[in-house]
Amino acid sequence: MKKFFWVLCMVLVPGFLFGFSSDHNTVRQLYGDRPADSSPQPLQPVQQPAAAPQKAADTSLGNIIVTARNIPEEAALVARKVDVITEKEIKGSGGSSVADVIGAIDGLYIYRTGPANSLATLSLRGAGAKYTRVMIDGIPVNDILTGTADLSLLDTSLINRVEIVKGGMSSVYGANALAGVVNIISGSEDKKIIGASGSYSTEGAYNYSVSSVYRVFAVDYAASFYEERNAAYFENSDSFKRALKAKASFGNNLHSTTLSGNYVKREAGIAFNEFGPTPFARQNEEIFGAGLESIIYTDYVTLKANGFMRGSDLVFENPDMWYPVESRHIKKEYQGGINAVYGEGDFFSSIAGYEANIKTIESGDIGERELVNHAALLNASVKMLGGSLVVSGGTRVDINSAYGVMDSENIGVRFRFADGLEVRGSFEKAFGAPSFGDLYWPEEVYVYEDFLTGNTVCAIIRGNPDLKPEESLSFELSAAKKQGKLSQSLAFFYRDITGMISWRDTVDGITTTTKPENIDRAKVMGLEAGADYALFSYLKLSAGYSLRFIDDAYSDGGEMFVFGRGADNNVVKAAAELKLPHDITLTAAADYAHIRHDYKGRELEPYWLLGAVFNQKLNKNIGLFVKAENILDNREYEVVKGYPMPGRTVTAGVSAEF
């Protein structure tokens, strides 16, 4: 452990020393005159971007993405499709958490257990929450114990944009990017000395935030503070949350450095119903993350060294009369890596890299455990036919202390026809790793008398340290075209996951043993279609449709599991945006969802939802919004069985920037 930190310091500390020199002119040429939190230009050797000025369309923020290969690059040169939610769209949504703003993306579904403060997990193209890697500025937020990410913990203050890549991404990010990656990039395009916002809803929830984005002594910084309180919707479901975000960058013609950090503290009750614990159970959690990225420019290659550390301290208390529980889980993760980026003109780029990762947990349930992972990766992208054809491919090898060696590969192709039609295709081999809980849950033995038969019964629950990773093969074929006022897209995808981990019962006489096994297989295929039409300069219409067929069964062809053999799921979305005088924007959205089962396999009913958002910019500094959700007051619909969602809810808020 100590050797790892010393090596990381030797790589990153020189960056700080170089970073405070006074020549910042070249930095503007490399990255543009931008806030620290905006995206940099594509990584290239110094002499290339400095010698050849680029078109404005190529250097605009909207055309630079960082998630597809974990480096900044032009979206037009990326073979994979990347969905981007902009800062303007996030602010216009009126949402208080990331779960509120990303649900509009086709193929993405949010499982909620109640209102805004309740557990919200992500399903990307029908995959479970643990199969999608969620990050803030490259720092993972997936829980180290379970592998899932609770999106309700992530507020929308100081978010520059969200990038979403669907499909296997293990060849770039390793385990648990089997379904895709969501990268939340903090900051703001607009500099402001001080900004503040607040809102209140009819459900008894309020939040406020304070932020600042500016440049001081050649350092670009962005920082925010957020606080939220929610009344109890279900019995014992109240919560209180505080969050901090910060980011700073500086550099010169030899080097640039970016530091980022986030902190969340939440105190919450555990909703009490037929599925929950006692009405007195409470959960307190503190989460933090800190990351550093240093880039060194040379005449031949660009070197990127980056690392992060993150942790969580979770305390759960349930003062049950018969089975009282008080448990604490301290989870930590450390990662450091270095990448060499080589570019040959504007038609070829390659990346070679190495990273080391350590995860530790100190738990009252599973004790002290540690997982160590080493990985090497290589990928390349080639642009041909004047940029009409882009071919990319990559491979990554992970060596893990628990499950050994795993390899991941991907290949992607993008072709742009003369009429503007873009066709993309990709194939990926990815994997998902067993969690700490799957591997090391301690043996628990319960002996009791069966009330029906009067017989003595023994139940044993334990983890399985012999688990192997789940493996996935997937491919995607998509087409998109923008012609005048109309933009259209269509995608077909297929994914086959083998060796899925599931907790199973084995009966031997009076003893039932429950433990996880690699025995399941799931096949998912589907379609996603979307269209945007600017009917007039003041009216924009959009629609989306997602269809998934899911075959989820034992790999030996046995009983149905979770979604059931041959289940199909449909989601239809439609929206209209109307711009009115006096800087007023009115947005209305309608959703129809027929998700046949929740993530535990329980049957759900289809539902309709209607919502609207009113935004007005009173002047250049002050704006307000009113958001109405579930206008039809449907109090019967559920996205997780047993947790009916709120009826009609109205939220009003105001923001100011100076």
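The values are calculated or read from the model by the stated rules, or taken from the named source; none is laboratory data. None of the values given here were measured: they were computed from a predicted structure. All Cβ positions, glycine included, derive from the backbone under ideal geometry; neighbour counts span all protein chains shown. What goes into the accessible areas is simple: the full protein's heavy atoms, side chains included, and nothing from ligands, DNA or RNA. Shrake-Rupley method; radii C 1.70, N 1.55, O 1.52, S 1.80 Å.
Going by accessible surface with a 1.4 Å probe and the largest first, T585, T302, T202 read T202, T585, T302.
Accessible surface of the chain, 1.4 Å probe: 60 percent of it comes from carbon and sulfur atoms.
Ordered from highest to lowest accessible area with the whole protein assembly present and a 1.4 Å probe, Y173, Y214 read as Y214, Y173.
Calculated FRET efficiency, E517 to W608, Cβ-Cβ distance, R0 = 35 Å: about 0.35 to the nearest 0.05. Taking all Cα pairs closer than 8 Å and separated by 6 or more residues, the relative contact order of the chain comes to 10 percent.
Computing FRET efficiency as 1/(1 + (r/R0)^6) for M384 and D407, where r is the C-beta to C-beta distance and R0 is 30 Å, gives about 0.65. Over the range 230-335, accessible surface divided per residue gives 46 Å², non-protein components excluded, 1.4 Å probe.
Quick check for me: using +1 on Lys/Arg Cβ and -1 on Asp/Glu Cβ, what's the dipole size of the range 507-550 about its Cα centre, in debye to the nearest 20?
120
Highest-first packing order for the peptide set 499-510, 159-170, 95-106 is 159-170, 95-106, 499-510, based on the mean count of other beta carbon atoms within 10 Å.
Placing unit charges on the Cβ atoms of the charged side chains and taking the dipole of the chain about its Cα centre, the candidate lying farthest along the positive direction among G311, A231, Y538 is Y538. A protection proxy built from the mean count of other Cβ atoms within 10 Å ranks the segments 126-134, 83-91, most packed first, as 126-134, 83-91.
Taking all protein chains as they are arranged and a probe of 1.4 Å, the heavy atoms of D466 leave approximately 120 Å² accessible to solvent. Computed from the Cβ-Cβ distance with R0 of 45 Å, the FRET efficiency linking D551 to V654 stands at 0.35.
A full extension of the chain between V210 and D313 corresponds to an added length of 34.5 nm, given 0.36 nm per residue minus the alpha carbon distance. 3J(HN,Hα) along the range 143-160, derived from phi through the Karplus expression 6.51 cos²θ - 1.76 cosθ + 1.60 where θ = phi - 60°, amounts to 4, 5, 7, 9, x, 8, 10, 8, 6, 5, 6, 9, 7, 9, 5, 6, 10, 7 Hz, with x in place of Gly and Pro. Each of G289, L153, A576 was scored by the projection of its Cα onto the charge dipole of the chain, and the greatest displacement toward the positive side belongs to A576; charges sit on the C-beta of Lys, Arg, Asp and Glu. Looking at the range 382-450, the GluC sites (Glu not before Pro) that sit in a DSSP loop and have at most 12 other Cβ atoms within 10 Å of their own Cβ are E443. When you filter the GluC sites (Glu not before Pro) in the range 592-658 for DSSP loop state and at most 10 other Cβ atoms inside 10 Å of their Cβ, you are left with E636. Centroid-to-centroid, using Cα positions, the range 451-489 and the range 331-355 are 29 Å apart.
Listed cross-link partners K359/K600; K383/K573; K81/K191; K130/K383; K468/K600 are compared with a 32 Å cut-off, the Cα-Cα value being larger for K383/K573; K130/K383.
Which entries in the list K332/K523; K192/K485; K88/K540 go over 24 Å, if you measure between the two C-alpha atoms of each? Those over the limit are K332/K523; K192/K485. Note: relative contact order over the range 272-354, using C-alpha pairs below 8 Å and six or more positions apart, is 26 percent. Of the GluC sites (Glu not before Pro) in the range 192-280, the ones in a loop by DSSP (not H, G, I, E or B) with at most 16 other beta carbons within 10 Å are E274. Working from Cα pairs under 8 Å separated by at least six residues, relative contact order for the range 614-658 is 42 percent. Dipole magnitude for the chain: computed about the Cα centre from +1 point charges on Lys and Arg Cβ and -1 point charges on Asp and Glu Cβ, it is near 2060 debye.
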